[in-house]
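The structure appears below as structure tokens.
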Amino acid sequence: MDRFHHGDYRRAQVILQRVSFALTPGTPELAEVRYYLAECLFQVADYVQAASEFRKVADEFSTSEYAPLALLRAGDANLRLWRRPELDPTYGETALAIYQELAGRFPESDAAARARLHVRRLENQFAEKTYKNGMFYIRRKAFDSAIIYFKDVIANYPTTDRAPDALLRLVDSYRAIGYKQELQETCEHLRRFYPKALGLDRTCHAPADSSATPSTPSTP
């Protein structure tokens, strides 16, 4: 541990590996040894192996104090591997799933509190990516495809900054292809849940709403 805290991670890893072989299964110290072995891998940027080892600690020592920390760091390792989110979100999706698992298994832990910050950031990134996919199709007037992506943002990332924007663009798409009832329902949803959305009054203006469903003639 002295080698570890002085940043000599390679040497610490060798010693910890030796100790892990010497300890018998069930030894209380083994969880700590295995956790710091994974941490050594993380610190030398071997994130794939670190993620695997942290995962094992969380599963094999699930009742130890290192289980929630190991889940947090497994998520962190996958997050470090998400270098090109615009091309391949696999590692980012894995990180998000691990953080959510952490929140489910150890909701009161400090590790879960730290993970919530990462979850918020990841959800915003995924929402942004999905929203941009929708905009790609709306610019090409492929409204049916755009609708799929905007609905994805709303369903999976409803608390993100892009959720009201996705609803607004959903209104635009419904208007373009003449889906009047869906347009009205989406505007009602916006007014109820996102009353301060930028551009709401312009996108869901009164004439569009009144045209969404025929008015009932008044009785003379």
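The values are calculated or read from the model by the stated rules, or taken from the named source; none is laboratory data. Please read all numbers here as calculations on a predicted model, not as lab measurements. Backbone-built Cβ (ideal geometry, glycine too); neighbour counts: all protein chains shown. Each accessible area value is taken on the protein alone, full model and side chains, heavy atoms only, with ligands, DNA and RNA left out. Shrake-Rupley method; radii C 1.70, N 1.55, O 1.52, S 1.80 Å.
What percentage of the solvent-accessible surface of segment 62-101, computed with a 1.4 Å probe over protein heavy atoms, is contributed by carbon and sulfur atoms? Within segment 62-101, the accessible surface is 48 percent carbon and sulfur. With the simple model of a label 7 Å out from the Cα in the direction of the Cβ, HIS205 to ASP88 spans 4.7 nm. Cysteines of the chain lacking any other cysteine Cβ under 4.7 Å from their own Cβ: CYS40.
If we count every other residue with Cβ under 10 angstrom of TYR149's Cβ, Lys/Arg +1 and Asp/Glu -1, where does the sum land? Please report the intermediate quantities before stating the final value.
Working: positive: LYS129, LYS132, LYS151, ARG169; negative: ASP152.
So the environment of TYR149 carries a net charge of +3.
What is the mean projected area of the alpha carbon convex hull for segment 19-77, to one decimal in square nanometres?
Numbers: hull surface 14.2 nm².
With the hull built on Cα positions only, its mean projection is 3.5 nm².
In this Cβ point-charge picture (+1 for Lys and Arg, -1 for Asp and Glu), segment 1-79 has a dipole of about 220 debye about its Cα centre. Distance from the C-alpha centroid of segment 132-154 to that of segment 33-84: 37 Å, rounded to the whole angstrom.
Dipole check for the chain: with +1 at the C-beta of Lys and Arg, -1 at the C-beta of Asp and Glu, and the Cα centre as origin, the magnitude is about 720 Debye. VAL14 contributes about 70 Å² of solvent-accessible surface, heavy atoms of the protein only, 1.4 Å probe.
Over the chain, what relative contact order in percent results from Cα pairs under 8 Å that are six or more residues apart? Working shown, then result.
On the way: 247 pairs, mean separation 20.9, N = 220.
It comes to 10 percent, rounded to a whole number.
Length available on full extension from HIS5 to ALA22: 0.36 nm per residue minus the Cα-Cα distance, which gives 3.9 nm. Seen through its C-alpha gyration tensor, with square-root eigenvalues sorted a ≥ b ≥ c, segment 128-191 comes out oblate because a/c lies at 1.5 or above while a/b is not bigger than b/c.
Peptides 195-203, 103-111 ordered by packing proxy, namely the average of other Cβ atoms within 10 Å per residue, highest first: 103-111, 195-203. Along the axis of the charge dipole computed for segment 59-191 (Cβ charges of +1 for Lys and Arg, -1 for Asp and Glu, origin at the Cα centre), the listed residues ILE177, THR159, GLY92 are led at the positive end by ILE177.
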